[in-house]
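I have placed the structure first, in the form of structure tokens, so that the comments after it can refer back to it.
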């Protein structure tokens, strides 16, 4: 059974749990699960985006809390083993980071959270620690509302990648 067929066949509760692993917003998971069955993967991806951008700030912040800070292992809201594995893979660029870069990212994370009230969220897949630090430094200059939307866009990218992993896993 394809990953999409499996997702379509799950109970609403089980589908929500699977989707919640892709995006930490309970409301997003509930709404996307309610739109099943999806005729194609593209239909799922399109629905995921439409639902994401229709959510409010609190739903976005809930999703952000499901991610560990860049350079850390655990999310504020806790994660399943699968989500922790996904996060580790997404942050693989941190594996070779120099100590100075790690310290600068930790300091930057604190400054970012103090300025914006939520974690620095970036689609880290394929990015080195130095790139992640450079992006963080630049984003500290943003206005809060613009930064919130930018972080939401990064969450949408992460969600898409995780949906692709979910569909490919066939679990």
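Legend: Rg and Dmax of segment 127-171, from Cα coordinates, 13.9, 42 Å. Using alpha carbon centroids, what distance separates segment 13-73 and segment 129-145, in Å? Using only Cα atoms to place each centre, the spacing works out to 24 Å. How fast does segment 91-171 diffuse by Stokes-Einstein, in µm²/s, taking the Kirkwood radius from C-alpha pairs at 10 °C and 1.306 mPa s? It comes out at roughly 117 µm²/s. With the convex hull drawn over the C-alpha atoms of the chain, the volume per residue is 104 Å³. Only helical runs count toward this figure. For the chain, summing -39,500 (n - 2.57) over DSSP H runs of n ≥ 4 and dividing by all residues gives -20500 deg cm²/dmol at 222 nm. For segment 5-53, with equal point scatterers placed on the C-alpha atoms only and solvent neglected, what are the log10 I(q)/I(0) values from the Debye formula at q = 0.28 1/Å, to two decimals? For segment 5-53, the Cα-only Debye profile gives -1.12. Among 24-32, 11-19, 49-57, 115-123, sorting by the average number of other beta carbon atoms lying within 10 angstrom of each residue, highest first, gives 24-32, 115-123, 11-19, 49-57.
Every number in this text was worked out from the coordinates using simple rules, so none of it is lab data. Because the structure is predicted, anything quoted here is derived from the model rather than measured. Cβ: placed from backbone, ideal geometry, glycine included. Neighbour counts: every protein chain shown.
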